[in-house]
Structures are given as structure tokens and as C-alpha cells.
Amino acid sequence: MADQHKILLDESEMPTRWYNIVPDLPAPPPPPLHPGTLQPVGPDDLAPLFPMDLILQEVSGERYVDIPDEVQDVYRLWRPSPLYRARRLEQVLGTPARIYYKYEGVSPAGSHKPNTAVPQAYYNAKAGARKLTTETGAGQWGTALALACAMFGLECEVWQVAASYDQKPYRRMMIETFGATVHRSPSPLTAAGRAQLEKDPDHTGSLGIAISEAVEVAAQSEDVKYALGSVLNHVLLHQTIIGEEALLQLAKVGETPDLIVGCTGGGSNFAGLSFPFLREKLAGRIDPVIRAVEPASCPSLTHGVYAYDFGDTAGMTPLMKMHTLGHDFVPDPIHAGGLRYHGMSPLISHVYELGLMEAVAIGQRECFAAGVQFARAEGIVPAPEPTHALAETVREALRAKESGQETVILTALCGHGHLDLPAYEAFLSGRMTDEAVSEERFAAALATLPAVP
Ligand SMILES: *Cc1c(COP(=O)(O)O)cnc(C)c1O
């Protein structure tokens, strides 16, 4: 069909395995270290926080992991997700490039996050957990985990970054509708939260602080576990269903991508889309450029250092080797809240160090301009996070127009922006700024990196 917009898969075509890229990489990623002994952490070190099934996935060397039937059953509420050809955007841009976007906004939470929330809740319930704790930045992860906990009969407690808690009441209401409890972070409920409130009673919070609070509470009870919505290997693993579907969908229309673009906060939607394509690239079957896009105000890949650092602010997590701005770095409360993490997934960081992918940083006004252009052409209001990928997609489509090249671009539209409309209002009214982060602020945060020989 020449003018086809959507490329769909039947439920029976949904992939039944997740893909683990680790065994296909030319070198293994550096292990997480125990902050006290500086020795690699073993499964037992992680057991207070995670169920053993997830710990084994975290360290797995197996290329594929079967998706449990119970998880597939929930996935089928919205999966397979559609792949779109952005014909109308191509027309507006006057580009010979062919632009495809994989749309994860069809999930109940409105983003890719349920792809990992559902298996995480499943494995925790199977292991006998009573409650899960977590943090949420923009609110997408809290919504996804609250939903997944409701599906598997678990309680759920969410620490929401204060800036987002205040700006996004609808996210909190949605989380509560799914049955979870929400706290404004930093909160007086934990030692980590109280320490921050003592420093600054009006603290706007950060993901690092909210993680410290959720981890602290989970570590205190045997039947309370912690769930993370990004960054870790098992999260990236669960997200690979996005790329596995996209491979099947592009094959249906006989296309291979020249460029794959995604936004990166902790790296999970980007890895989810790109790792199955990277497998094909490493096998010599295709040769796409794979490019991450991060906000100029929190540029861990393009401006951070590759070093061992804590995943949280209070320094309670294992040390992970990753691109980091320093665990003390508190980004400005930008609108793409899901991209405000001080570090990057260790696995993405490793893939970046191996030279298998590229990264760029873009300011938020250019991103929202692309988001608005996309909405007016394609009819979907994107979440603020994927507008970063769209901005790079637009840049590339205009380069293709210059050169006349029929580049095939694949991007992840990892969520819709229906609960992010105040951000669009800030952009449309001209109130949105591109805050430049001073080199002094970057340097001050990096000075807090732990010393690891
Ligand atoms: C959470 C979130 C992100 C950032 O997380 P990644 O792990 O980098 O994918 C990006 N987009 C949306 C819509 C999100 O909800």
C-alpha cells in the first residue's frame, strides 16, 4: 500500500522473548561494585532490594529470555504497538527522507514504562513481595508501576520529585487511581529526605534523592522491594520488545533504517528500540547509525565523565560505571522531567564507549518546536522527552533535503504528552527558556565522584 500510515502486527505476532545484548558485545560491561569493599556485587548483595528472578536477569549472559505467559497476557492489552510512517511530517519538511516512528503512547500509562513495570511486578509477586517502593520524576514510571502492582495484587508507594509533584497533579491522581500512595520528595518520612529538607526546606527534589528515599524504605522490610524504571540491565532487557516488534514491522514494508534516534534519560526506551537493531548491525546484516539525544541541561553522555558513581544522591546504591554528571548534580526543573537523571545506564554507557552509538544534546526550545510541528502534522502531542528525538529527526530530515538523500529514519515516540500540556503552554506563550548550565556547576558536581582506583 503506497500511502500506508500504520504498520501493525497481530497479537499472535508479538515477540515472546526479550533480547539481552551483553553476549553479543565485543567486551563485557564493567561490573557494579560494592561501595564499601569495592568488590563486584554478587546476587546476594542485591537480594534485599530485588527478587532473584530480576537479579539473575541483571547479570544474565543468555542472549534471549522468555517472556512469561502472565506478562504476555498483560502486554497484549496494548501490544504490539503501532509503527507509523510520518508521511505528513515528511511533506511539511519537504524531505526525501522516510521517517518511521514506533509509538509507545498507546500503553495504559501513555509511555513505554509498562513494558518493564509489568514483568517487575510479576516477578516480585511470584517471589512473595507485599509492597514495591519507587521514585518517579515526570510521573510516567510511578503510573506504570502503580498499574502493574494493581494487576498483580501488590501495594505500591511512590516518591515523586517535588518539582513534578507540584507541576503535575494529574500524574499523582492517575497513580492514586491505580491504587498507589504518592509522597512529595524530599519527604520527612526518610532519613535521606529529612537530610535534604534540613539543607533546603523548599528543595525541588531530584531523581537521585527520590531513589534514596524509596531504597531506604525497601531495605527496612523483608517483604518490601524496590523497583527502578530505567538504567538497570533488566529494565533495558524488558524494553527490547519495542525493537523486536519494529524489526518485524519494517520488514513488512521492506525497509532498513539508516538512522535510529531516541531520547535518553536513563536509556531504557532508546536501548529498547535500538538494541535489537544493534544485534543485526553487529551480525553485519544492516548498518544503521544509532544516535541518542539528551537535554542540554542534563547531558550525561556528551558532557559527563565515564566513571564509577552512585545511582542515587545519598550514596546507598552500588557503584556503577557510567557516564555521569556526578550524583550530586541537580538539574534545572526542565519540562522533559523524565530526562533529569544525573547518570546514564551502565550498559548504554558501555555501548557508547565501544563506539557503537553516537550522542547529541539539544536545548528544550528546539525540542518543543519539533514537538509542535510533529503534533500539527501527525496529530499526536508527544511527551516532552521524545521531542528531543523528534528535534534530531527534523534536523536529519532537513539534512536529507539538502543532500537529496532518501535516508530512512526510525525514531521512538516513547510517550504522549496529554498530561504535559502546561509545558506546551510555556513553550507556546514564549515563557520557556533554554537555561545554560554553568561549567562551575558541572565541575562542582563532578568533584563529589567517589574515588575508585
Ligand atoms: C521515563 C521516560 C523517559 C526517560 O527514560 P528512558 O529510560 O531514558 O527511556 C523518556 N520518555 C518517556 C515518555 C518516559 O516516560
Of residues in the stretch 140-176 being away from the ligand (no atom under 14 Å from the Cβ) and among the aromatic types (Phe, Trp, Tyr), the one farthest from Pro384 (Cα to Cα): Phe152
So, of the residues in the stretch 386-421 that are more than 16 Å from the ligand (Cβ to nearest atom) and of a type in the set (Gly, Ala, Ser), which turns out to be farthest from Ile7 (Cα to Cα)? Ser403
Under 8 Å by Cβ, and 6 or more places apart or on different chains, what pairs join a residue from the stretch 120-144 that is in contact (Cβ under 8 Å) with a residue 12 or more places away in the chain and farther than 22 Å from Gln160 by Cα with one that is part of a helix (DSSP H, G or I) and among the acidic types (Asp, Glu)? Tyr122/Glu70; Tyr123/Asp53; Lys126/Asp53; Ala127/Asp53
Criterion violated by Pro450 - all others in (1) more than 16 Å from the ligand (Cβ to nearest atom); (2) out of contact with any His (no Cβ under 9 Å at 6 or more places or on another chain) satisfied: (2)
Please go through the stretch 229-261 and give me each residue that is polar (S, T, N, Q) and closer than 16 Å to Ile409 by Cβ, ordered by number. Gln249, Thr256
For Asn115, state whether it is buried (at least 24 other Cβ atoms within 10 Å of the Cβ), away from the ligand (no atom under 12 Å from the Cβ) and not hydroxyl-bearing (Ser, Thr, Tyr). no
Those residues of the stretch 380-410 which are more than 25 Å from Phe275 (Cβ to Cβ), in contact (Cβ under 8 Å) with a residue 24 or more places away in the chain and not aliphatic (A, V, I, L, M) amount to Lys401, Gly404, Gln405, Glu406
State which residue is surrounded by the fewest Cβ atoms within 10 Å (Cβ to Cβ) when the search covers only the stretch 12-40 and only residues that are modelled with pLDDT of 95 or more and of a type in the set (Ser, Thr, Tyr). Ser12
So if I check each of Arg285, Arg279, which one is assigned to a helix (DSSP H, G or I), basic (Lys, Arg) and either more than 12 Å from the chain's Cα centre (by Cα) or modelled with pLDDT of 95 or more (or both)? Arg279
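Would you check which residues across the stretch 331-360 are part of a loop (DSSP other than H, G, I, E, B) and farther than 23 Å from Leu419 by Cβ and list them? Give the steps one after another, and end with the answer.
As a first pass, look at the stretch 331-360 and keep what is part of a loop (DSSP other than H, G, I, E, B): 331-336, 340-342, 344-345, 354-357.
Within the stretch 331-360, His342, Met344, Ser345, Leu354, Gly355, Leu356, Met357 meet the criteria.
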Matching residues in the stretch 384-426 - criterion: being of a type in the set (D, E, K, R) and in contact with a helix residue (DSSP H, G or I) (Cβ under 8 Å, 6 or more places away or on another chain): Glu385, Lys401, Glu406
Which of (1) more than 20 Å from Met316 (Cα to Cα); (2) away from the ligand (no atom under 13 Å from the Cβ); (3) surrounded by 23 or more Cβ atoms within 10 Å (Cβ to Cβ); (4) within 22 Å of the chain's Cα centre (by Cα) is the odd one out, the single condition Ile211 does not satisfy? (1)
Go over the candidates Asn269, Asn233 one by one and state the one that is within 16 Å of the ligand (Cβ to nearest atom), of a type outside the set (Val, Ile, Thr) and surrounded by fewer than 23 Cβ atoms within 10 Å (Cβ to Cβ). Asn233
Candidate set: the stretch 325-363, residues that are away from the ligand (no atom under 16 Å from the Cβ) and among the aliphatic types (A, V, I, L, M); chosen: the one surrounded by the fewest Cβ atoms within 10 Å (Cβ to Cβ): Leu354
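For the stretch 85-108: of the residues being within 14 Å of the ligand (Cβ to nearest atom) and either without any contact (Cβ under 8 Å) to a residue 60 or more places away in the chain or hydroxyl-bearing (Ser, Thr, Tyr) (or both), which is surrounded by the fewest Cβ atoms within 10 Å (Cβ to Cβ)?
Quick first cut of the stretch 85-108, residues within 14 Å of the ligand (Cβ to nearest atom) only: 101-108.
In the following step, the residues that additionally are either without any contact (Cβ under 8 Å) to a residue 60 or more places away in the chain or hydroxyl-bearing (Ser, Thr, Tyr) (or both) were identified as 101, 103, 106-108.
On the way: Tyr101: 28, Tyr103: 22, Val106: 15, Ser107: 26, Pro108: 19.
In this case the residue turns out to be Val106.
Within the stretch 423-453, work out how many residues are farther than 28 Å from Leu325 by Cα and surrounded by 13 or more Cβ atoms within 10 Å (Cβ to Cβ). Give the derivation first.
Filtering the stretch 423-453 for residues farther than 28 Å from Leu325 by Cα gives 425, 428-430.
This time we only want the ones that are surrounded by 13 or more Cβ atoms within 10 Å (Cβ to Cβ), so: none.
Qualifying residue count for the region: 0.
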Among the residues of the stretch 56-76, is any more than 23 Å from His388 (Cβ to Cβ), touching a helix residue (DSSP H, G or I) at 6+ places or on another chain (Cβ under 7 Å), within 16 Å of the ligand (Cβ to nearest atom) and of a type outside the set (Phe, Trp, Tyr)? yes
Among what's in the stretch 246-265 and is away from the ligand (no atom under 15 Å from the Cβ), under 22 Å from the mean Cα position of the chain (by Cα) and not in a helix (DSSP H, G or I), pick the residue that is surrounded by the fewest Cβ atoms within 10 Å (Cβ to Cβ). Leu259
If you take the residues in the stretch 411-453 that are in contact (Cβ under 8 Å) with a residue 60 or more places away in the chain and among the hydroxyl-bearing types (Ser, Thr, Tyr), which one is farthest from Pro288 (Cα to Cα)? Thr448
Which ones in the stretch 193-220 are more than 19 Å from Gln140 (Cα to Cα), in a loop (DSSP other than H, G, I, E, B) and in contact (Cβ under 8 Å) with a residue 40 or more places away in the chain? His203
So, Gly355, is that one without any contact (Cβ under 8 Å) to a residue 24 or more places away in the chain, more than 24 Å from Glu425 (Cβ to Cβ) and more than 18 Å from the chain's Cα centre (by Cα) or not? yes
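The values are calculated or read from the model by the stated rules, or taken from the named source; none is laboratory data. Computed from a prediction, not measured in an experiment: that's the story for all the values here. Quick reminder, even Gly has a Cβ in these numbers, built from the backbone with ideal geometry, and neighbours come from all protein chains shown.
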